[in-house]
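Peer 1: Got a structure for you, questions after.
Every number here is computed from the coordinates shown, using simple stated rules; none is lab data. Values in this document were obtained by computation on a predicted structure and should not be read as measured data. So basically every Cβ, Gly included, is an ideal-geometry build from the backbone, and we count neighbours across all protein chains shown.
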Amino acid sequence: MKFIDDLYEFYKEKLTGDEEDAVALVLYTLQEHSREDLMRLITEMSDEEVYQMVGQFLIDQLKEKMAREGVGQHRSPEDKERLH
């Protein structure tokens, strides 16, 4: 994606290579753009990039919801007895 390539080229000398760099840079960059700017970026993306972006967003949202709801958390024997 051209936007990411340009962003990387501009900041690559300051990046340390850890995930926090990527998160901070993306969040900072998003704050500097309007919704219209972001929509323009999306229209420039390939279909595959759009599917990946939306897919990743939906996966993250579902994981957060499952964590909030306690899905997959281990229950104590007392909790299991109350369910029956």
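Peer 1: Which whole-Hz couplings ³J(HN,Hα) result when phi for each residue of the range 54-71 is put into the Karplus expression 6.51 cos²θ - 1.76 cosθ + 1.60, θ = phi - 60°, listed in order with x for Gly and Pro?
Peer 2: These are the phi-based 3J(HN,Hα) values: 5, x, 5, 4, 5, 4, 4, 5, 5, 4, 5, 5, 4, 5, 5, 7, x, 5 Hz.
Peer 1: Only sites in a loop by DSSP and with at most 14 other Cβ atoms within 10 Å count here; which GluC sites (Glu not before Pro) in the range 26-56 make the cut?
Peer 2: Glu32, Glu44
Peer 1: How far, in degrees from 0 to 90, does helix 19-31 lean away from the longest principal axis of the Cα atoms of the chain, to the nearest 10?
Peer 2: Compared with the principal axis, the helix lies near 70 degrees.
Peer 1: To continue, here is another question. Determine the calculated [θ] at 222 nm for the chain from helices alone, applying -39500 (n - 2.57) to every DSSP H run no shorter than 4 residues and normalising by the residue count; nearest 500 deg cm²/dmol.
Peer 2: That calculation yields -23000 deg cm²/dmol at 222 nm.
Peer 1: Taking the chain as the reference, fit the longest principal axis to its C-alpha atoms, fit the long axis of helix 2-11 to the helix C-alpha atoms, and give the angle between the two in degrees, 0 to 90, nearest 10.
Peer 2: 80
Peer 1: Each label point is 7 Å from the Cα along the Cα-to-Cβ direction; what then is the distance between the points at Ala24 and Ile42, in nm?
Peer 2: According to this spin-label approximation, the distance is 2.9 nm.
Peer 1: Here is a follow-up. Whole number please: convex hull volume per residue, Cα atoms of the range 1-45, in Å³.
Peer 2: Taking only Cα atoms, the range 1-45 has a hull volume of 72 Å³ per residue.
Peer 1: Oh, and also: Does a label point 7 Å from the Cα of Lys63, set along Cα-to-beta-carbon, have any residues of the range 1-31 with amide nitrogen under 15 Å, and which are they?
Peer 2: Only 19-20, 23 fall inside the zone, counting backbone N under 15 Å.
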